[in-house]
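Take a look at the structure set out below.
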Amino acid sequence: NLKAFQGCTETELRRNPSFKGGKINITVTIGSSGVVTKATIDRQDINGSDLGSCLKEKAKRIVFPRFEGEPFDVEIPLILAAGA
């Protein structure tokens, strides 16, 4: 899944060469089916951007093993940088 996130970052760098990147956390909500039902980013400057939309879309494609119980949140820490 890291390559998918890196693709979003590389697209942003092509669109905005001055993009500095940095650390973010994507919080995903995982349902009992293993499907990600929600994704948010802790940095508002990225959460509402095209980059944020791309990262959240990729996060929602991650499938986890099924489980019994209530949905829960997981934080995915990422460092956004060229070639990382």
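The values are calculated or read from the model by the stated rules, or taken from the named source; none is laboratory data. These numbers were taken from a predicted model, which means no experiment stands behind them. Here Cβ is always computed from backbone atoms with ideal geometry, including for glycine, and neighbour counts include all displayed protein chains. SASA here: full protein model, heavy atoms, side chains in, ligands and nucleic acids out. Shrake-Rupley method; radii C 1.70, N 1.55, O 1.52, S 1.80 Å.
List of remarks:
- The one condition from (1) out of contact with any Phe, Trp or Tyr (no Cβ under 6 Å at 6 or more places or on another chain); (2) part of a loop (DSSP other than H, G, I, E, B); (3) open to solvent by less than 80 Å² (accessible area, probe 1.4 Å); (4) free of Cβ contacts under 8 Å to residues at least 40 places away in the same chain that Ser32 does not meet is (1).
- Residue match in the range 13-22 (condition: at pLDDT 95 or above and in a strand (DSSP E or B)): no
- Residues that are within 14 Å of the chain's Cα centre (by Cα) and among the aliphatic types (A, V, I, L, M), drawn from the range 1-44: Leu2, Ala4, Ile24, Ile26, Val28, Ile30, Val36, Ala39, Ile41
- Annotation: Lys38 fulfils all but one of (1) in a strand (DSSP E or B); (2) closer than 20 Å to Gly7 by Cβ; (3) basic (Lys, Arg); the unmet one is (2).
- Tally of residues being open to solvent by less than 50 Å² (accessible area, probe 1.4 Å) and either part of a loop (DSSP other than H, G, I, E, B) or in contact with a helix residue (DSSP H, G or I) (Cβ under 7 Å, 6 or more places away or on another chain) (or both) across the range 45-57: 6
- Among the residues here, Phe5 does not qualify as part of a loop (DSSP other than H, G, I, E, B) and either surrounded by 13 or more Cβ atoms within 10 Å (Cβ to Cβ) or of a type in the set (A, V, I, L, M) (or both).
- Of all the numbered requirements in (1) modelled with pLDDT of 95 or more; (2) closer than 17 Å to Ala81 by Cα; (3) not hydroxyl-bearing (Ser, Thr, Tyr), Lys38 misses one, and that requirement is (2).
- Residue match in the range 41-64 (condition: in contact (Cβ under 8 Å) with a residue 60 or more places away in the chain and among the polar types (S, T, N, Q)): no
- Cross-chain or 6+ apart pairs with Cβ under 6 Å, the range 1-20 first and within 11 Å of Cys54 (Cβ to Cβ), then in a loop (DSSP other than H, G, I, E, B) and among the aromatic types (Phe, Trp, Tyr): Glu12/Phe19
- If you filter the range 58-84 down to residues that are within 9 Å of the chain's Cα centre (by Cα) and surrounded by 11 or more Cβ atoms within 10 Å (Cβ to Cβ), you find that the one that is farthest from Lys23 (Cα to Cα) is Lys60.
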